[in-house]
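Trainee: This is the structure, below, for whatever I ask next.
The values are calculated or read from the model by the stated rules, or taken from the named source; none is laboratory data. Keep in mind that this is a model prediction, so the values were computed, not measured. Cβ sites come from the backbone with ideal geometry, for glycine too, and all protein chains shown count toward neighbours.
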């Protein structure tokens, strides 16, 4: 679902109640680990840009919570992501309780440490 929220705070406020805490925690981890990134709404979801290029995004979709990261990093973290369904650059969690926030934090730290876009 593409949101028309004007900013990330509004996006989170509009998220389903059963996912709101997880989405808030993902945002907090992004803000903590993606220092120097611009937080914005891009393609209807919260995104984090470096030098004008989105490098990480997340979304509360109809059936799951999705994280969008650099494909090279998604592949690097594939085994650690447990019950997630994983594509080339998308990580999907059908249940918020399946999200390992320590792994998400490490993925974000690696995103910040990886130069430029490795798309």
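Trainee: Show the residue pairs meeting these rules: Cβ distance below 7 Å; 6+ apart or different chains; first residue within region 1-30 and farther than 13 Å from residue 41 by Cβ; second residue modelled with pLDDT of 95 or more and part of a loop (DSSP other than H, G, I, E, B).
Mentor: What qualifies is 22/99.
Trainee: Hey, can you tell me all the residues within region 67-76 that are surrounded by fewer than 18 Cβ atoms within 10 Å (Cβ to Cβ) and touching a helix residue (DSSP H, G or I) at 6+ places or on another chain (Cβ under 8 Å)? Talk me through it step by step, then tell me what you get.
Mentor: Step one: list which residues in region 67-76 are surrounded by fewer than 18 Cβ atoms within 10 Å (Cβ to Cβ), which gives 71-72, 75-76.
Of everything in region 67-76, just one residue is surrounded by fewer than 18 Cβ atoms within 10 Å (Cβ to Cβ) and touching a helix residue (DSSP H, G or I) at 6+ places or on another chain (Cβ under 8 Å), namely 76.
Trainee: Find the strands (runs of 3 or more DSSP E) located wholly in region 9-74 whose residues include 3 or more that are at pLDDT 95 or above, within 21 Å of residue 97 (Cα to Cα) and touching a strand residue (DSSP E or B) at 6+ places or on another chain (Cβ under 7 Å), and list them. Please lay out each step first, then the result.
Mentor: Values: elements: 38-42, 45-50, 53-60, 65-68.
Qualifying strands (runs of 3 or more DSSP E): 53-60, 65-68.
Trainee: OK, next. Looking for whichever is more than 15 Å from the chain's Cα centre (by Cα), at pLDDT below 95, over 16 Å from residue 20 (Cα atoms) and outside any loop (DSSP other than H, G, I, E, B) here; the options are 79, 83. Which one fits? Give the derivation first.
Mentor: Values: 83 fails: outside any loop (DSSP other than H, G, I, E, B).
Unique residue meeting the criteria: 79.
Trainee: Determine, yes or no, whether residue 56 is touching a helix residue (DSSP H, G or I) at 6+ places or on another chain (Cβ under 6 Å) and surrounded by 21 or more Cβ atoms within 10 Å (Cβ to Cβ). Before the answer, list the steps.
Mentor: On the way: touching a helix residue (DSSP H, G or I) at 6+ places or on another chain (Cβ under 6 Å): yes; surrounded by 21 or more Cβ atoms within 10 Å (Cβ to Cβ): yes.
For residue 56, the condition - touching a helix residue (DSSP H, G or I) at 6+ places or on another chain (Cβ under 6 Å) and surrounded by 21 or more Cβ atoms within 10 Å (Cβ to Cβ) - is met.
Trainee: For region 77-99, which residues satisfy the criterion of being surrounded by 17 or more Cβ atoms within 10 Å (Cβ to Cβ) and more than 19 Å from residue 46 (Cα to Cα)?
Mentor: Matches in region 77-99: 77, 81, 84.
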